[in-house]
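Engineer: Here it is, the structure, as structure tokens.
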Amino acid sequence: EVATGHQWPLGIWERPEDAGDDYEHPFDEIDGALSEAMERLEVWRVYVDPQWIDHLMETWQGRYGDRRVMPWWTNRPRQACWAVRNFTDGMAGGDWSHDGDATFVAHLTNARRRKQKVYDDEHRQMHTLSKDRPDSAKKIDAAMAAVLSWEARGDAIASGAKPRRAY
């Protein structure tokens, strides 16, 4: 939520541990969750890491416009480091809150700092998020989604985006 910094997941989909090689996430369910949010809420912008779901992002861009649904590649170290910094600063500053969803909290807790060869203006090394090890079953996708939605919030504030209607 832009005004308060409160976050909540629309849904979190994880590959079941016993899933076969042909497993695919329920893309219709994921599409439905975003469609419901777009209808129910005033969504200014959605940042999507297109890796693995580029077909959904393209569908959403066709439906909602490519200025509302935008690709945000998380494999860009400089941009990702600054987005993570913005998010952690919001958490530390008390600007961020969440609804307590257990899976969301688990993803946040599972996220580890991954140092990058990126430095801030005071020459401090920056970091992105990663799993504890590449083959870890501990998921962090919702943590990165939180970073992207926080980045969209920050961009909304910076652009002066205002609600179009009262709730």
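The values are calculated or read from the model by the stated rules, or taken from the named source; none is laboratory data. Small disclaimer: the values here were computed from a predicted structure and weren't measured. Because the Cβ atoms are built from the backbone with ideal geometry, glycine has one as well, and the counts that use them run over all protein chains shown. Side chains included, ligands, DNA and RNA excluded: accessible areas come from the protein's heavy atoms. Shrake-Rupley method; radii C 1.70, N 1.55, O 1.52, S 1.80 Å.
Engineer: Once fully extended, how much extra length lies between D66 and E42, figured as 0.36 nm per residue of separation less the alpha-carbon to alpha-carbon distance? Before the final figure, lay out the partial values.
Structural biologist: Numbers: separation 24, 0.36 × 24 = 8.64 nm, distance 1.60 nm.
Fully extending the segment from D66 to E42 adds 7.0 nm.
Engineer: Right, something else. Pulled fully out, how much extra length does the chain show between D99 and D18, if you take 0.36 nm times their separation in residues and subtract their Cα-Cα distance?
Structural biologist: Working: separation 81, 0.36 × 81 = 29.16 nm, distance 2.89 nm.
Net length gain for the segment: 26.3 nm.
Engineer: Still on this structure: If I model a spin label as a point 7 Å beyond the Cα along the Cα-Cβ vector, how far apart are those points for E58 and L10 in nm?
Structural biologist: For E58 paired with L10, the spin-label model returns 1.9 nm.
Engineer: Expressed as a whole percentage, what fraction of the accessible surface of the range 58-119 belongs to carbon and sulfur atoms when a 1.4 Å probe is rolled over the protein heavy atoms? Mind dumping the intermediate values first?
Structural biologist: Values: 1820 of 3960 Å².
Within the range 58-119, the accessible surface is 46 percent carbon and sulfur.
Engineer: Relative to 2.2 N^0.38 Å, what does the C-alpha radius of gyration of the range 51-167 come to as a ratio? Two decimals please. Mind dumping the intermediate values first?
Structural biologist: Working: Rg = 15.6 Å, N = 117, 2.2 N^0.38 = 13.4 Å.
Cα Rg divided by the expected 2.2 N^0.38 Å: 1.16.
Engineer: Count charges around P9 for me, please; just the other residues with Cβ under 11 Å from its Cβ, Lys/Arg as +1, Asp/Glu as -1.
Structural biologist: Working: positive: none; negative: D99, D101, D141.
Residues close to P9 contribute a combined charge of -3.
Engineer: Then there's this: Starting from the Cα of K131, draw a straight line to each of the aspartates and glutamates and keep only those under 15 Å, dropping any in the same chain fewer than 8 residues away.
Structural biologist: Hits, sequence-local ones excluded: E14, D141.
Engineer: Output the antiparallel fraction of DSSP beta bridges having both residues in the range 12-167, as a percent to the nearest 5.
Structural biologist: Numbers: 5 of 8 bridges.
Taking every DSSP beta bridge within the range 12-167, about 60 percent pair in antiparallel fashion.
Engineer: Here's another thing I want to ask about it. Averaged per residue, what accessible surface does the chain expose to a 1.4 Å probe, in Å²? Spell out each step's value before the answer.
Structural biologist: Working: 10790 Å² over 167 residues.
For the chain, the per-residue accessible area is 65 Å².
Engineer: Distance in nm between label sites at D132 and M91, each 7 Å beyond Cα in the beta-carbon direction?
Structural biologist: 1.6 nm
Engineer: How much length, in nm to one decimal, is gained on full extension between Q116 and K162, taken as 0.36 nm per residue of separation minus their Cα-Cα distance?
Structural biologist: Here the answer is 13.1 nm.
Engineer: Beta carbons within 10 angstrom, averaged per residue: use that to sort the peptides 79-86, 21-28, 1-8, 35-42, highest first. It would help to have the intermediate numbers written out before the result.
Structural biologist: Numbers: 79-86: 19.9, 21-28: 9.1, 1-8: 14.2, 35-42: 12.1.
The densest-packed peptide leads the list: 79-86, 1-8, 35-42, 21-28.
Engineer: Add -39500 (n - 2.57) for each DSSP H run of 4 or more in the chain, then divide by its residues: what number comes out at 222 nm, to the nearest 500 deg cm²/dmol?
Structural biologist: Working: 5 runs with 69 residues, N = 167.
Computed mean residue ellipticity for the chain: -13500 deg cm²/dmol.
Engineer: Net charge near M144, counting Lys/Arg +1 and Asp/Glu -1 over other residues with Cβ under 11 Å of its Cβ? If you can, show how the numbers build up before the last one.
Structural biologist: Numbers: positive: K131, K139; negative: D49, D141, E151.
Cβ neighbours under 11 Å give a net charge of -1.
Engineer: Among all helices in the chain defined by DSSP H, which have a length of 18 Å or more along the axis from Cα atoms plus a Kyte-Doolittle mean of at least 0.0? Could you put the intermediate results ahead of the total?
Structural biologist: Working: long enough: 27-40 (19 Å, -0.47); 77-92 (22 Å, -0.39); 141-159 (27 Å, 0.48).
Correct list, ordered by number: 141-159.
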